[in-house]
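Have a look at the structure below before the remarks.
The values are calculated or read from the model by the stated rules, or taken from the named source; none is laboratory data. Just so we're clear, the structure is a prediction, and the values are computed from it rather than from any experiment. Cβ placement follows ideal geometry from the backbone for every residue including glycine, while neighbour counts extend to all protein chains displayed. The area values use the complete protein model at the heavy-atom level, side chains included, leaving out ligands, DNA and RNA. Shrake-Rupley method; radii C 1.70, N 1.55, O 1.52, S 1.80 Å.
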Amino acid sequence: MTPVIAITAKTEELRNRPQTTIPNTYAKVIEEAGGIPFIIPITDKKENITQIARFADGILFSGGDDIHPRYYGEEPLADMVISPDERTEFETALLREAIKLRKPVLGVCLGAQLINITLGGSLYQDITSQIPNPLNHRDQHNITIMEGTMFYNMLISPNENEIVGWAPPTKNAISIFSTHHQSVKSPGKGLIISAASSDGVVEAIELPDYPFLIGVQWHPEREPESEYTRLLFKALIKAASQ
């Protein structure tokens, strides 16, 4: 059967009414990779969260605003747009249920940060003020994939039958598009860094000895034509099919 991928979303006020919203590109890349996208609204009902985790073959934690620093034991040090606590609480609970069930998980931007915080890690609250000579992380730039990681095997040395016309990048570096001002500082329990940019900013994390739990700091869904986007989402769908 075609795997169902649950995708988290945010709540916005539109015409004075709360709406569940998410860019269509998330659903599109899931469909193009061979999965069925399933958008899930925020809920605080524990039984529903448990059922969502059981129902979904995989879960994609989407991008969004900043998680309040108190979730990793800090006070705000910089200007930020805070994501509602109800979203953080919901997604944290959902991630914990997914991990219990060993369901495949992909976190994008905020989703990667959520994975890190849920597993006990911390964040740089503002790259430009906390990291010396940073790159522009609201633009296209290169990242380096760490050898020996699941991410490396997925993007740098995939099965040659996975994608037509694929060729390995030079020096394990690929070009990505990101739009963020925060990033992983201390990786959470068990997590390893699987990609980083030249300024030392963590660009991807993963949990070894787990079927598929990966967080990427960039937005692959905004580059659906990228071979690396296709490889990433095909790997998610493959893991969700098993």
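Quick notes on this structure:
- Semi-axes of the equivalent ellipsoid for the range 1-69, Cα gyration tensor, largest first, Å: 22, 16, 12
- The relative contact order of the chain comes to 22 percent, based on Cα pairs under 8 Å that sit 6 or more residues apart.
- Taking only protein heavy atoms and a 1.4 Å probe, the accessible area of the chain is 49% carbon and sulfur.
- Using θ = phi - 60° and Karplus 6.51 cos²θ - 1.76 cosθ + 1.60, couplings along the range 90-99 (whole Hz; Gly, Pro as x): 4, 5, 4, 5, 5, 4, 4, 5, 4, 5
- Scanning residues 5 or more positions from residue 201 or on other chains, none has an amide H under 5 Å from its amide H, with H placed 1.01 Å from N in the peptide plane.
- Rh by Kirkwood over Cα pairs, then Stokes-Einstein D for the range 77-140 at 0.692 mPa s and 37 °C, µm²/s: 242 µm²/s
- Spin-label model, residue 51/residue 28: points 7 Å from Cα along the beta carbon direction are separated by 3.2 nm.
- Only beta bridges with both residues in the chain are counted; by DSSP, about 55 percent of them are antiparallel.
- In summary, the range 12-152 shows an alpha-carbon radius of gyration equal to 1.14 times the 2.2 N^0.38 Å reference for compact globular proteins.
- Amide H partners (placed H, <5 Å) of residue 10, local residues excluded: 21
- When the alpha carbon coordinates of the range 66-113 are projected onto the principal axes, the ranges are 36, 17, 17 Å, largest first.
- In the chain, helices alone account for a calculated mean residue ellipticity at 222 nm of -8000 deg cm²/dmol, with every DSSP H run of four or more residues adding -39,500 (n - 2.57).
- Isotropic mean projected area of the C-alpha convex hull, the chain (nm²): 13.2 nm²
- Amide H contacts under 5 Å for residue 185, placed H, 5+ residues apart: 122, 123, 124
- Residue-by-residue Karplus 3J(HN,Hα) for the range 222-239, coefficients 6.51, -1.76, 1.60, Hz, glycine and proline x: 7, 10, x, 7, 5, 4, 6, 4, 5, 5, 4, 6, 5, 5, 4, 5, 4, 5
- Using the Karplus relation 6.51 cos²θ - 1.76 cosθ + 1.60 with θ = phi - 60°, the per-residue 3J(HN,Hα) values for the range 68-83 come to 4, x, 4, 5, 10, x, 10, 9, x, 10, 8, 5, 7, 9, 7, 6 Hz, with x marking Gly and Pro.
- Lysines with Cα under 25 Å of residue 10, excluding same-chain neighbours fewer than 8 positions away: 28, 45, 46, 100, 103, 185, 234
- Accessible area expressed per residue, the chain, with surrounding protein chains retained (probe 1.4 Å, Å²): 48 Å²
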